[in-house]
1. Provide the packing ranking of 105-113, 293-301, i.e. peptides ordered by the mean count of other C-beta atoms within 10 Å per residue, highest first.
2. Run the dipole for region 68-189 about the Cα centre, Lys and Arg Cβ at +1, Asp and Glu Cβ at -1, nothing else charged, and hand back the magnitude in debye, nearest 20.
3. Using only the heavy atoms of the protein chains and a 1.4 Å probe, how would LYS101, LYS90 rank by accessible area, largest first?
4. Using the heavy atoms of the protein chains and a 1.4 angstrom probe, tell me the accessible area per residue for region 211-281 in square angstrom.
5. Rounded if a/c is under 1.5, else prolate if a/b beats b/c, else oblate: with a ≥ b ≥ c from the C-alpha gyration tensor eigenvalues square-rooted, which is region 12-312?
6. Treating cross-link reach as a plain straight distance, find the aspartates and glutamates whose alpha-carbon is under 13 Å from the alpha-carbon of LYS185, omitting any fewer than eight places away in the same chain.
7. Answer rounded, prolate or oblate for region 146-204, using the Cα gyration tensor with square roots of eigenvalues a ≥ b ≥ c: rounded when a/c is under 1.5, else prolate when a/b is larger than b/c, else oblate.
8. When only C-alpha pairs under 8 Å and at least 6 residues apart count, what is the relative contact order of region 12-312, in percent?
Amino acid sequence: MRRRYRPPFIPSSEITDEKLWRDRRRIIRAAGIAGLGVAAGGLATLAGAFSGRPPGKGKGNAGAGSEALEPTPWKYITHYNNFYELGTSKSEPAENAHYLKTRPWSLSVSGECEKPGILDIDELLRLFPAEERIYRFRCVEAWAMVVPWNGFPLSDLLKRFQPTSRAKYVEFRTLYDPERMPGQKRRVLDWPYVEGLRMDEAMHPLTLVATGLYGKELPAQNGAPLRLVVPWKYGFKSIKSIVSIRFTEKQPRNTWNRMAPDEYGFYANVNPDVPHPRWSQKRERVLGTGIFAEKRPTLPFNGYADEVAQLYAGMDLRKYF
Ligand code: MTE
(Lines give C-alpha, C1' and ligand atoms only; values in the text may rest on other atoms or scores of the structure.)
Protein backbone atom coordinates (compact mmCIF):
# COMPACT_ATOMS: atom_id res chain seq x y z
CA MET A 1 0.00 0.00 0.00
CA ARG A 2 2.32 2.72 -1.14
CA ARG A 3 2.13 5.29 -3.89
CA ARG A 4 3.99 8.46 -4.70
CA TYR A 5 2.70 11.54 -2.93
CA ARG A 6 0.60 13.79 -5.16
CA PRO A 7 -1.04 16.88 -3.64
CA PRO A 8 -4.84 16.68 -3.85
CA PHE A 9 -7.03 18.93 -5.99
CA ILE A 10 -9.32 20.98 -3.74
CA PRO A 11 -12.22 23.21 -4.78
CA SER A 12 -11.93 26.59 -3.02
CA SER A 13 -15.44 26.14 -1.57
CA GLU A 14 -13.99 23.62 0.88
CA ILE A 15 -11.60 26.02 2.54
CA THR A 16 -14.05 28.28 4.41
CA ASP A 17 -14.73 26.06 7.43
CA GLU A 18 -11.09 25.71 8.22
CA LYS A 19 -10.68 29.49 8.09
CA LEU A 20 -13.49 29.82 10.66
CA TRP A 21 -11.78 27.26 12.88
CA ARG A 22 -8.45 29.05 12.66
CA ASP A 23 -10.02 32.46 13.36
CA ARG A 24 -11.78 31.06 16.42
CA ARG A 25 -8.52 29.55 17.60
CA ARG A 26 -6.70 32.85 17.22
CA ILE A 27 -9.40 34.70 19.13
CA ILE A 28 -9.34 32.17 21.96
CA ARG A 29 -5.56 32.34 22.17
CA ALA A 30 -5.59 36.12 22.16
CA ALA A 31 -8.20 36.17 24.89
CA GLY A 32 -5.97 33.94 26.99
CA ILE A 33 -8.67 31.45 27.83
CA ALA A 34 -6.82 28.39 26.62
CA GLY A 35 -7.83 25.31 28.52
CA LEU A 36 -11.41 26.37 29.21
CA GLY A 37 -14.20 24.39 27.62
CA VAL A 38 -15.74 26.17 24.65
CA ALA A 39 -18.94 25.17 22.88
CA ALA A 40 -18.39 24.82 19.15
CA GLY A 41 -21.59 25.18 17.19
CA GLY A 42 -23.38 22.67 19.40
CA LEU A 43 -21.29 19.87 17.94
CA ALA A 44 -18.39 19.53 20.28
CA THR A 45 -16.75 20.80 23.40
CA LEU A 46 -13.26 22.04 22.83
CA ALA A 47 -11.18 21.53 25.92
CA GLY A 48 -7.52 21.97 26.72
CA ALA A 49 -6.47 22.02 23.11
CA PHE A 50 -5.43 25.56 22.43
CA SER A 51 -2.59 25.53 24.92
CA GLY A 52 -1.00 22.79 22.79
CA ARG A 53 -1.07 20.56 25.87
CA PRO A 54 -2.84 17.24 26.20
CA PRO A 55 -5.65 16.78 28.64
CA GLY A 56 -3.88 15.47 31.67
CA LYS A 57 -0.18 15.33 31.40
CA GLY A 58 3.07 15.90 29.62
CA LYS A 59 4.02 17.53 26.38
CA GLY A 60 1.95 19.05 23.63
CA ASN A 61 -1.06 17.19 22.38
CA ALA A 62 0.71 16.81 19.08
CA GLY A 63 3.65 15.06 20.75
CA ALA A 64 7.24 16.01 21.47
CA GLY A 65 8.67 18.87 19.46
CA SER A 66 5.21 19.89 18.31
CA GLU A 67 5.58 23.58 19.18
CA ALA A 68 6.34 24.45 15.57
CA LEU A 69 3.63 22.24 14.08
CA GLU A 70 0.47 23.82 12.74
CA PRO A 71 -2.61 21.70 12.12
CA THR A 72 -2.62 20.31 8.59
CA PRO A 73 -5.12 22.08 6.34
CA TRP A 74 -8.59 20.54 6.14
CA LYS A 75 -8.21 19.96 2.42
CA TYR A 76 -5.28 17.56 2.89
CA ILE A 77 -6.82 15.71 5.82
CA THR A 78 -10.01 15.14 3.81
CA HIS A 79 -8.66 14.64 0.27
CA TYR A 80 -5.59 12.47 0.74
CA ASN A 81 -7.01 9.36 2.39
CA ASN A 82 -6.56 5.67 2.86
CA PHE A 83 -9.97 4.02 3.01
CA TYR A 84 -10.10 0.96 0.75
CA GLU A 85 -13.85 0.52 1.29
CA LEU A 86 -14.23 3.75 -0.73
CA GLY A 87 -11.42 3.11 -3.23
CA THR A 88 -7.73 2.30 -3.25
CA SER A 89 -6.33 5.63 -4.49
CA LYS A 90 -5.83 8.64 -2.23
CA SER A 91 -8.50 10.73 -3.96
CA GLU A 92 -11.26 8.09 -4.31
CA PRO A 93 -12.44 8.11 -0.66
CA ALA A 94 -13.47 11.78 -0.99
CA GLU A 95 -15.03 11.18 -4.43
CA ASN A 96 -17.02 8.17 -3.17
CA ALA A 97 -17.88 9.65 0.24
CA HIS A 98 -21.55 10.10 -0.76
CA TYR A 99 -22.06 6.32 -0.83
CA LEU A 100 -21.35 6.02 2.87
CA LYS A 101 -24.65 6.82 4.58
CA THR A 102 -24.06 6.97 8.32
CA ARG A 103 -27.70 6.69 9.46
CA PRO A 104 -28.97 4.31 10.62
CA TRP A 105 -25.80 3.21 12.42
CA SER A 106 -25.20 1.26 15.59
CA LEU A 107 -22.25 -0.06 17.52
CA SER A 108 -22.37 -3.52 19.06
CA VAL A 109 -20.11 -4.33 22.02
CA SER A 110 -19.67 -7.98 23.01
CA GLY A 111 -17.25 -10.65 24.17
CA GLU A 112 -15.60 -10.77 27.59
CA CYS A 113 -17.71 -8.17 29.39
CA GLU A 114 -20.49 -8.07 31.99
CA LYS A 115 -22.85 -5.81 30.04
CA PRO A 116 -22.71 -6.46 26.28
CA GLY A 117 -25.02 -4.25 24.27
CA ILE A 118 -25.84 -2.22 21.20
CA LEU A 119 -25.68 1.57 21.09
CA ASP A 120 -27.36 3.69 18.47
CA ILE A 121 -24.96 6.28 17.07
CA ASP A 122 -27.02 9.29 18.19
CA GLU A 123 -27.33 7.89 21.69
CA LEU A 124 -23.58 7.30 21.71
CA LEU A 125 -22.83 10.87 20.61
CA ARG A 126 -25.12 12.15 23.36
CA LEU A 127 -23.52 9.96 26.05
CA PHE A 128 -19.94 10.81 25.11
CA PRO A 129 -19.55 14.52 24.28
CA ALA A 130 -16.57 15.30 22.09
CA GLU A 131 -13.58 17.38 23.09
CA GLU A 132 -10.81 18.55 20.79
CA ARG A 133 -7.48 16.71 20.62
CA ILE A 134 -4.76 17.90 18.28
CA TYR A 135 -2.66 14.85 17.46
CA ARG A 136 0.19 14.00 15.14
CA PHE A 137 -0.82 11.28 12.68
CA ARG A 138 1.78 9.10 10.96
CA CYS A 139 0.85 6.75 8.12
CA VAL A 140 2.97 3.63 7.60
CA GLU A 141 3.57 5.01 4.07
CA ALA A 142 5.80 7.75 5.56
CA TRP A 143 3.48 10.73 5.31
CA ALA A 144 2.33 12.67 8.34
CA MET A 145 -0.21 15.25 9.43
CA VAL A 146 -1.31 17.16 12.52
CA VAL A 147 -5.05 16.64 12.99
CA PRO A 148 -7.51 18.56 15.18
CA TRP A 149 -9.84 15.67 16.01
CA ASN A 150 -13.02 15.89 18.03
CA GLY A 151 -13.72 12.83 20.08
CA PHE A 152 -13.65 11.13 23.47
CA PRO A 153 -11.37 8.62 25.18
CA LEU A 154 -12.04 5.03 24.10
CA SER A 155 -11.68 4.04 27.77
CA ASP A 156 -14.88 5.98 28.65
CA LEU A 157 -16.82 3.92 26.13
CA LEU A 158 -15.25 0.56 27.05
CA LYS A 159 -15.83 0.98 30.81
CA ARG A 160 -19.57 1.25 30.24
CA PHE A 161 -19.65 -2.40 29.11
CA GLN A 162 -17.63 -3.64 32.11
CA PRO A 163 -14.88 -5.81 30.61
CA THR A 164 -14.06 -8.88 32.73
CA SER A 165 -10.59 -10.03 33.81
CA ARG A 166 -10.56 -12.36 30.79
CA ALA A 167 -10.59 -9.36 28.42
CA LYS A 168 -6.96 -9.08 27.28
CA TYR A 169 -7.56 -7.48 23.88
CA VAL A 170 -10.15 -5.44 22.03
CA GLU A 171 -11.13 -6.22 18.44
CA PHE A 172 -12.75 -3.61 16.17
CA ARG A 173 -14.64 -4.16 12.91
CA THR A 174 -15.68 -1.81 10.13
CA LEU A 175 -19.14 -1.99 8.53
CA TYR A 176 -19.53 -4.62 5.82
CA ASP A 177 -22.04 -3.29 3.27
CA PRO A 178 -20.93 -3.20 -0.38
CA GLU A 179 -23.78 -0.79 -1.22
CA ARG A 180 -22.57 1.83 1.24
CA MET A 181 -18.93 0.82 0.78
CA PRO A 182 -18.55 0.07 -2.94
CA GLY A 183 -14.84 -0.75 -2.56
CA GLN A 184 -16.00 -3.97 -0.87
CA LYS A 185 -17.31 -5.23 -4.21
CA ARG A 186 -13.69 -6.03 -5.03
CA ARG A 187 -11.69 -8.42 -2.89
CA VAL A 188 -8.69 -6.11 -2.48
CA LEU A 189 -8.82 -6.83 1.26
CA ASP A 190 -10.40 -9.59 3.31
CA TRP A 191 -13.55 -7.68 4.39
CA PRO A 192 -14.55 -6.41 6.83
CA TYR A 193 -11.47 -4.44 7.96
CA VAL A 194 -10.43 -5.64 11.42
CA GLU A 195 -8.08 -4.08 13.96
CA GLY A 196 -7.08 -4.82 17.52
CA LEU A 197 -5.42 -3.33 20.57
CA ARG A 198 -4.11 -4.80 23.78
CA MET A 199 -6.38 -3.85 26.70
CA ASP A 200 -3.87 -1.42 28.24
CA GLU A 201 -3.42 0.33 24.87
CA ALA A 202 -7.17 0.57 24.47
CA MET A 203 -7.57 2.06 27.95
CA HIS A 204 -4.71 4.56 27.53
CA PRO A 205 -5.90 8.19 27.85
CA LEU A 206 -4.41 9.15 24.45
CA THR A 207 -6.53 6.54 22.61
CA LEU A 208 -9.47 8.33 21.07
CA VAL A 209 -12.78 7.58 19.41
CA ALA A 210 -12.98 10.36 16.83
CA THR A 211 -16.37 11.66 15.76
CA GLY A 212 -15.33 14.99 14.26
CA LEU A 213 -12.63 17.06 12.62
CA TYR A 214 -11.97 20.79 12.88
CA GLY A 215 -15.09 21.13 15.05
CA LYS A 216 -17.31 19.58 12.36
CA GLU A 217 -18.89 16.18 11.89
CA LEU A 218 -16.36 13.58 10.71
CA PRO A 219 -16.36 13.42 6.88
CA ALA A 220 -17.21 9.97 5.48
CA GLN A 221 -13.77 9.61 3.90
CA ASN A 222 -12.18 10.02 7.34
CA GLY A 223 -14.21 7.17 8.82
CA ALA A 224 -17.62 8.55 9.80
CA PRO A 225 -19.48 8.24 12.01
CA LEU A 226 -16.83 6.94 14.42
CA ARG A 227 -13.24 5.78 14.05
CA LEU A 228 -10.31 4.96 16.24
CA VAL A 229 -7.26 7.23 16.62
CA VAL A 230 -4.13 5.78 18.24
CA PRO A 231 -1.57 8.54 17.75
CA TRP A 232 1.61 6.59 18.64
CA LYS A 233 0.86 3.84 16.10
CA TYR A 234 0.94 3.77 12.31
CA GLY A 235 -2.28 5.01 10.72
CA PHE A 236 -3.59 1.59 9.72
CA LYS A 237 -4.37 0.83 13.38
CA SER A 238 -6.85 3.74 13.34
CA ILE A 239 -9.78 1.75 11.96
CA LYS A 240 -12.64 3.69 10.38
CA SER A 241 -16.45 3.45 10.41
CA ILE A 242 -16.64 1.00 13.30
CA VAL A 243 -19.74 -1.13 13.89
CA SER A 244 -18.46 -3.68 16.36
CA ILE A 245 -16.15 -3.94 19.34
CA ARG A 246 -15.39 -7.28 20.99
CA PHE A 247 -13.38 -7.97 24.16
CA THR A 248 -11.24 -11.05 23.59
CA GLU A 249 -8.85 -13.29 25.47
CA LYS A 250 -6.73 -13.96 22.38
CA GLN A 251 -4.88 -11.42 20.24
CA PRO A 252 -7.07 -10.51 17.23
CA ARG A 253 -5.67 -10.92 13.70
CA ASN A 254 -5.71 -7.44 12.17
CA THR A 255 -6.41 -7.09 8.45
CA TRP A 256 -3.03 -5.80 7.25
CA ASN A 257 -1.21 -8.38 9.34
CA ARG A 258 -3.28 -11.12 7.69
CA MET A 259 -2.61 -9.64 4.21
CA ALA A 260 1.16 -9.22 4.62
CA PRO A 261 2.49 -10.51 7.97
CA ASP A 262 6.10 -9.64 7.15
CA GLU A 263 5.20 -6.02 6.47
CA TYR A 264 2.54 -5.16 9.04
CA GLY A 265 2.60 -6.37 12.62
CA PHE A 266 0.01 -6.31 15.37
CA TYR A 267 1.66 -3.55 17.44
CA ALA A 268 2.57 -1.14 14.63
CA ASN A 269 4.14 1.37 17.01
CA VAL A 270 5.79 4.19 15.06
CA ASN A 271 9.49 3.30 15.11
CA PRO A 272 12.14 5.01 12.97
CA ASP A 273 14.59 2.17 13.76
CA VAL A 274 12.48 -0.63 12.29
CA PRO A 275 12.21 -0.17 8.52
CA HIS A 276 9.30 -1.48 6.52
CA PRO A 277 10.75 -4.28 4.30
CA ARG A 278 10.27 -2.02 1.26
CA TRP A 279 11.16 1.43 2.64
CA SER A 280 12.81 3.27 5.53
CA GLN A 281 10.72 4.71 8.37
CA LYS A 282 13.37 7.22 9.42
CA ARG A 283 11.74 10.27 7.86
CA GLU A 284 8.27 11.47 6.95
CA ARG A 285 6.66 13.90 4.54
CA VAL A 286 4.37 16.45 6.16
CA LEU A 287 1.23 16.95 4.07
CA GLY A 288 0.31 20.51 3.19
CA THR A 289 3.78 21.99 3.37
CA GLY A 290 4.21 22.55 -0.37
CA ILE A 291 4.56 20.42 -3.48
CA PHE A 292 7.90 19.17 -2.22
CA ALA A 293 6.35 18.60 1.19
CA GLU A 294 8.78 19.09 4.01
CA LYS A 295 10.55 15.97 5.28
CA ARG A 296 11.30 15.64 8.97
CA PRO A 297 12.70 12.91 11.16
CA THR A 298 10.17 10.39 12.45
CA LEU A 299 10.07 10.22 16.24
CA PRO A 300 9.84 7.02 18.31
CA PHE A 301 6.18 6.39 19.18
CA ASN A 302 5.41 9.33 16.88
CA GLY A 303 6.49 11.78 19.60
CA TYR A 304 4.44 10.19 22.40
CA ALA A 305 7.23 8.11 23.99
CA ASP A 306 6.92 9.89 27.35
CA GLU A 307 3.30 8.84 27.56
CA VAL A 308 3.39 5.31 26.14
CA ALA A 309 6.89 3.77 26.07
CA GLN A 310 6.32 2.14 29.47
CA LEU A 311 3.51 0.02 27.98
CA TYR A 312 6.21 -1.89 26.09
CA ALA A 313 8.92 -2.10 28.75
CA GLY A 314 10.99 -5.25 28.28
CA MET A 315 9.50 -6.11 24.89
CA ASP A 316 11.69 -6.60 21.82
CA LEU A 317 10.12 -4.02 19.51
CA ARG A 318 11.92 -5.45 16.46
CA LYS A 319 10.15 -8.74 16.99
CA TYR A 320 6.84 -7.18 18.06
CA PHE A 321 6.69 -4.57 15.29
N1 MTE B 1 -9.99 1.78 8.14
C2 MTE B 1 -10.70 1.09 7.22
N3 MTE B 1 -11.89 0.57 7.58
N4 MTE B 1 -10.26 0.91 5.94
C5 MTE B 1 -9.03 1.40 5.53
O6 MTE B 1 -8.65 1.19 4.36
N7 MTE B 1 -6.99 2.61 6.18
C8 MTE B 1 -6.09 2.84 7.32
C9 MTE B 1 -6.79 3.61 8.45
N10 MTE B 1 -8.09 3.04 8.72
C11 MTE B 1 -8.24 2.12 6.49
C12 MTE B 1 -8.78 2.32 7.80
C13 MTE B 1 -4.87 3.55 6.93
S14 MTE B 1 -3.71 2.66 6.06
C15 MTE B 1 -4.63 4.86 7.29
S16 MTE B 1 -3.13 5.60 7.00
C17 MTE B 1 -5.68 5.67 7.93
O18 MTE B 1 -6.91 4.98 8.06
C19 MTE B 1 -5.91 6.92 7.10
O20 MTE B 1 -6.79 7.79 7.77
P21 MTE B 1 -7.18 9.17 7.07
O22 MTE B 1 -7.63 8.85 5.67
O23 MTE B 1 -8.26 9.76 7.92
O24 MTE B 1 -5.93 10.01 7.04
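1. Per-residue mean Cβ counts within 10 Å order the peptides as 105-113, 293-301.
2. Dipole of region 68-189, to the nearest 20 debye: 260 debye.
3. Ranked from most to least accessible, the order is LYS101, LYS90.
4. 31
5. Taking the square roots of the gyration eigenvalues as a ≥ b ≥ c, region 12-312 is rounded.
6. Partners within reach: GLU85, ASP177.
7. Prolate, because a/c is 1.5 or more and a/b exceeds b/c.
8. 19
The values are calculated or read from the model by the stated rules, or taken from the named source; none is laboratory data. Note that the structure is predicted; figures quoted are calculated from it, not measured. We place every Cβ from the backbone using ideal geometry, glycine too, and count neighbours over all the protein chains shown. Ligands, DNA and RNA are excluded from the accessible area calculation, which covers all protein heavy atoms including side chains. Shrake-Rupley method; radii C 1.70, N 1.55, O 1.52, S 1.80 Å.
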